[in-house]
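The values are calculated or read from the model by the stated rules, or taken from the named source; none is laboratory data. Quantities reported herein were computed from a predicted structural model and do not represent experimental measurements. Heads up, the Cβs are rebuilt from the backbone with ideal geometry, glycines too, and the neighbour counts pull from every protein chain shown. The area values use the complete protein model at the heavy-atom level, side chains included, leaving out ligands, DNA and RNA. Shrake-Rupley method; radii C 1.70, N 1.55, O 1.52, S 1.80 Å.
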Amino acid sequence: MTHEEHHAAKTLGVGKAIAVLTSGGDAQGMNAAVRAVVRVGIFTGARVFFVHEGYQGLVDGGDHIREATWESVSMMLQLGGTVIGSARCKDFREREGRLRAAHNLVKRGITNLCVIGGDGSLTGADTFRSEWSGLLSDLQKEGKITPEEARKSSYLNIVGLVGSIDNDFCGTDMTIGTDSALHRIIEIVDAITTTAQSHQRTFVLEVMGRHCGYLALVTSLSCGADWVFIPECPPDDDWEEHLCRRLSETRTRGSRLNIIIVAEGAIDKNGKPITSEDVKNLVVKRLGYDTRVTVLGHVQRGGTPSAFDRILGSRMGVEAVMALLEGTPDTPACVVSLSGNQAVRLPLMECVQVTKDVTKAMNEKKFDEALKLRGRSFMNNWEVYKLLAHVRPPVSKAGLHTVAVMNVGAPAAGMNAAVRSTVRIGLIQGNRVLVVHDGFEGLAKGQIEEAGWSYVGGWTGQGGSKLGTKRTLPKKNLEQISASITKFNIQGLVIIGGFEAYTGGLELMEGRKQYDELCIPFVIIPATVSNNVPGSDFSVGADTALNTICTTCDRIKQSAAGTKRRVFIIETMGGYCGYLATMAGLAAGADAAYIFEEPFTIRDLQANVEHLVQKMKTTVKRGLVLRNEKCNENYTTDFIFNLYSEEGKGIFDSRKNVLGHMQQGGSPTPFDRNFATKMGAKAMNWMTGKIKESYRNGRIFANTPDSGCVLGMRKRALVFQPVTELKDQTDFEHRIPKEQWWLKLRPILKILAKYEIDLDTSEHAHLEHISRKRSGEVPV
């Protein structure tokens, strides 16, 4: 990046003013977005104003519109809801109200508005913008503003961020608050499951989401529910029979409970609402099961935002400021959203239109169309749910093919969910599925057994690895492994694990030259807290670890805020990969995150200490520094702690904390459960196809590079990549991919911690169109 460009980023906002408001229903993560807008706005030289109580504050003006400072958004990141308040506003719906709002903005010289809210709030913003010049001329006629003021505020830029727990906005994969709402729901479902098991009960859970079934659908995938009712896909006319049959089948297979999820907007084919009470009465009447209803209500909006929502809110906030300051009178109002892990800008009204089209399609009972308009990721969730919940596994004993599933490497939350969906999809396809205990070692020793449908019952929500996992690589046991493959007639291998699973895959490939038995298809599902498997942007278990670190950092920050003038140095896991340290730094609001991928010297450490010394002079008298466990062999956690302690004498005192193995434990987050379930299903589908392709004279013979793959998430799609092709992209010494997408988020971390650094504006999203996004790649 050139010096001029960097200079441009830091002066982009000089002489400009931005107002930020939250409107409509609150959502966890809104505060992260507000904080980012304020800090990045100030970084660019702009003045930033809070508008309290949403549009009502814009109309009322006065004390409701206050200038924000750097410190005024401190400690905001971990709070749920919205600190600046939100209100439903009737006045803004009338032109008279919008006239007053325009007057308040012009008087303060504000021409940039960032609105964080749902589709209603964003539509309102667009109306405001289109009327702007008319409103100005009226104000001028009434003598409320001078011609000079009107000239200075000749156009209004608007950028929207979607904050809504419902995830009902088209054009964005995830809205701010959705992930946190899922966290709340899953905590409750997990708690209810334990009591339901004690009493052999059936539970009907009603979740929020207005006219959108996203929360209900992902919840049912994440807890392995027996049935889900969502507005987009009403059940068939004989659903009562089907549901009761399904529940009693689950019980005969040995399950002690049933879980049914009902979205609050659920309807049947005729548009008649299906309520949780209806479902309960049906089950009691037909099956006589002890049934309870739990309506989750506003709990879902509450609580602290998840790590994902904090990072999402922060990234969107940064992007929003850039979009505002780069805006011209001709750029349409846009929404900043996330697609895969890419930030994108989309024309606001296009998104609103598609969102309205969904409602229209549902009203006209065109349910297939509504499902398509919800986007590819939603459809994929629905397909996987239907397979796992509605297809009866074949009864025949002779399996079509024999596929083995195993875990390799260190334990990661979500491994069990991946095993469960792999086993069940395998059985549905008519395969014989075997499970291998203790990784490659167990494969060599023959610690292998057949898994039936109920073998993996209730596994989705369980942390760790139920099959047992080891770091042992296959190379020295290839002979025994070949013998086991022959003995158990294994025709395909699904390997769920971390970097060892990947290197193990490469060793199996190498071994094919020597042993024909190894010429069977295999696929690797990345599962490790470190997120260091080549070929995938995310790995199963990393989200859970990130949330664990985040919760701990919140508590530590609270303790530091109480004692004042205290700096905590926290060591995270990850091997040489700085993903956890960087992302946790973004999510917890750290002052610095030391990682291996971004080499640092004693001068950098010195600058960080100086920065904290300055920070202690402000009202924010605490510091948080993260260090990845292998970021530097000489600058250890102890070294950094000692340096900070010495340099901070009399100004601040330091404490250190090594988080250790708690990062590998815990119950998996909704993201990891859902991701693992979809990866398992996709891997098994590929496997069945590959085995069929590899038949040679009555036996399986797979010897091509594409018969040994890593299934990874790349930008916006799930892709199968031959392990041999990934070799060039790997730094084997440090066990990390050579290129890692999240490194480009590092500057955001530094700006939000008040460092004067280069903000690389070359990475910014360009305006896309929503229709284009629908075709092309295979979605997650």
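Select from segment 171-202 the residues that are touching a residue at least 24 places away in the same chain (Cβ under 8 Å) and within 12 Å of Leu296 (Cα to Cα) and list them in ascending order.
Listed by number, the residues that qualify are Ala181, Leu182, Arg184, Ile185, Ile186, Ile188, Val189, Ile192.
Could you please give the count of residues in segment 573-594 that are hydroxyl-bearing (Ser, Thr, Tyr) and farther than 24 Å from Ala36 by Cα? Steps first, please.
At the first step, the residues of segment 573-594 found to be hydroxyl-bearing (Ser, Thr, Tyr) are 576, 579, 582, 594.
Remaining after also requiring farther than 24 Å from Ala36 by Cα: 576.
The total comes to 1.
Tell me yes or no: at least one residue of segment 101-109 is under 17 Å from Ser23 (Cβ atoms), part of a helix (DSSP H, G or I) and either modelled with pLDDT under 95 or among the β-branched types (Val, Ile, Thr) (or both). Outline the logic, then answer.
Pass one, segment 101-109, residues under 17 Å from Ser23 (Cβ atoms): 101-102, 104-105.
Within this subset, residues satisfying the condition of being part of a helix (DSSP H, G or I) are 101-102, 104-105.
Going one step further and asking which of them are either modelled with pLDDT under 95 or among the β-branched types (Val, Ile, Thr) (or both), we end up with none.
No: segment 101-109 contains no residue that is under 17 Å from Ser23 (Cβ atoms), part of a helix (DSSP H, G or I) and either modelled with pLDDT under 95 or among the β-branched types (Val, Ile, Thr) (or both).
Given the options Thr730, Thr724, Thr704, name the one that is surrounded by fewer than 20 Cβ atoms within 10 Å (Cβ to Cβ), among the polar types (S, T, N, Q) and either at pLDDT 95 or above or within 29 Å of Ile549 (Cα to Cα) (or both).
Details: Thr730 fails: surrounded by fewer than 20 Cβ atoms within 10 Å (Cβ to Cβ); Thr704 fails: either at pLDDT 95 or above or within 29 Å of Ile549 (Cα to Cα) (or both).
None of the others qualify; the one that does is Thr724.
What tally of residues in segment 445-458 results from selecting those that are open to solvent by less than 20 Å² (accessible area, probe 1.4 Å) and either of a type outside the set (Val, Ile, Thr) or part of a loop (DSSP other than H, G, I, E, B) (or both)? Show your work before the answer.
Initially, segment 445-458 is screened for residues open to solvent by less than 20 Å² (accessible area, probe 1.4 Å), giving 451, 456.
Keeping just the survivors that are either of a type outside the set (Val, Ile, Thr) or part of a loop (DSSP other than H, G, I, E, B) (or both) gives 451.
Adding up the residues that qualify gives 1.
Take the residues in segment 573-621 that are assigned to a loop (DSSP other than H, G, I, E, B) and among the polar types (S, T, N, Q); name whichever of them is most open to solvent (accessible area, probe 1.4 Å).
Taking the candidates together, the pick is Thr619.
Only residues that are more than 21 Å from Ile188 (Cβ to Cβ), in contact with a strand residue (DSSP E or B) (Cβ under 8 Å, 6 or more places away or on another chain) and surrounded by fewer than 19 Cβ atoms within 10 Å (Cβ to Cβ): list them for segment 230-284, please.
Arg246, Arg251, Pro273, Val284
Can you spot a residue in segment 45-65 that is of a type in the set (Ser, Thr, Tyr) and outside any helix (DSSP H, G or I)? Before the answer, list the steps.
Going through segment 45-65, the residues of a type in the set (Ser, Thr, Tyr) turn out to be 55.
Next cut, outside any helix (DSSP H, G or I) only: none.
No: zero hits.
Residues to consider are Ala333, Ala361; find the one that is among the hydrophobic types (A, V, I, L, M, F, W, C), buried (at least 19 other Cβ atoms within 10 Å of the Cβ) and touching a residue at least 60 places away in the same chain (Cβ under 8 Å). Reasoning before the result, please.
On the way: Ala361 fails: touching a residue at least 60 places away in the same chain (Cβ under 8 Å).
The unique qualifying residue is Ala333.
Restricting attention to helices (runs of 4 or more DSSP H) lying wholly within segment 473-563, give those where 3 or more residues are acidic (Asp, Glu). Before you say what the answer is, go through the steps one by one.
Details: elements: 478-487, 499-511, 542-563.
Hits in segment 473-563: 499-511.
Select from segment 384-436 the residues that are of a type in the set (Ser, Thr, Tyr) and part of a loop (DSSP other than H, G, I, E, B) and list them in ascending order. Even if it seems obvious, please write down each step before you answer.
Start the filter on segment 384-436 by keeping residues that are of a type in the set (Ser, Thr, Tyr), which leaves 385, 396, 402, 421-422.
Within segment 384-436, just Ser396 meets the criteria.
Considering every residue within segment 577-596, establish whether at least one is without any contact (Cβ under 8 Å) to a residue 40 or more places away in the chain and on the phi < 0 side of the Ramachandran plot.
As a first pass, look at segment 577-596 and keep what is without any contact (Cβ under 8 Å) to a residue 40 or more places away in the chain: 595.
Then drop every residue that is not on the phi < 0 side of the Ramachandran plot, which leaves 595.
Yes - at least one qualifying residue is present in segment 577-596.
Identify the residue in segment 133-155 that is acidic (Asp, Glu) and assigned to a helix (DSSP H, G or I) and, among all such residues, is nearest to Gly109 (Cα to Cα). Full working, then the answer.
Here is the first cut: in segment 133-155, the ones acidic (Asp, Glu) are 138, 142, 148-149.
Remaining after also requiring assigned to a helix (DSSP H, G or I): 138, 148-149.
On the way: Asp138: 17, Glu148: 11, Glu149: 8 Å.
Checking each candidate, the answer is Glu149.
Report whether or not Val352 is in contact with a His (Cβ under 9 Å, 6 or more places away or on another chain) and either open to solvent by less than 60 Å² (accessible area, probe 1.4 Å) or outside any helix (DSSP H, G or I) (or both).
Working: in contact with a His (Cβ under 9 Å, 6 or more places away or on another chain): no; either open to solvent by less than 60 Å² (accessible area, probe 1.4 Å) or outside any helix (DSSP H, G or I) (or both): yes.
Considered against the rule, which asks whether it is in contact with a His (Cβ under 9 Å, 6 or more places away or on another chain) and either open to solvent by less than 60 Å² (accessible area, probe 1.4 Å) or outside any helix (DSSP H, G or I) (or both), Val352 comes out as no.
Condition (residue is farther than 23 Å from Arg301 by Cβ and crowded, with 23+ Cβ neighbours inside 10 Å) applied to segment 86-99: is it met by at least one residue?
Restricting attention to segment 86-99, the residues satisfying the condition of being farther than 23 Å from Arg301 by Cβ are 91, 93-99.
Keeping just the survivors that are crowded, with 23+ Cβ neighbours inside 10 Å gives none.
No, the conditions are met nowhere in segment 86-99.
Look through Arg286, Arg246, Arg292, Arg315 and report the one residue that is under 30 Å from Cys114 (Cα atoms) and either among the basic types (Lys, Arg) or outside any helix (DSSP H, G or I) (or both). I'd like the intermediate steps shown before the answer.
Values: Arg286 fails: under 30 Å from Cys114 (Cα atoms); Arg246 fails: under 30 Å from Cys114 (Cα atoms); Arg292 fails: under 30 Å from Cys114 (Cα atoms).
So the residue among Arg286, Arg246, Arg292, Arg315 that is under 30 Å from Cys114 (Cα atoms) and either among the basic types (Lys, Arg) or outside any helix (DSSP H, G or I) (or both) is Arg315.
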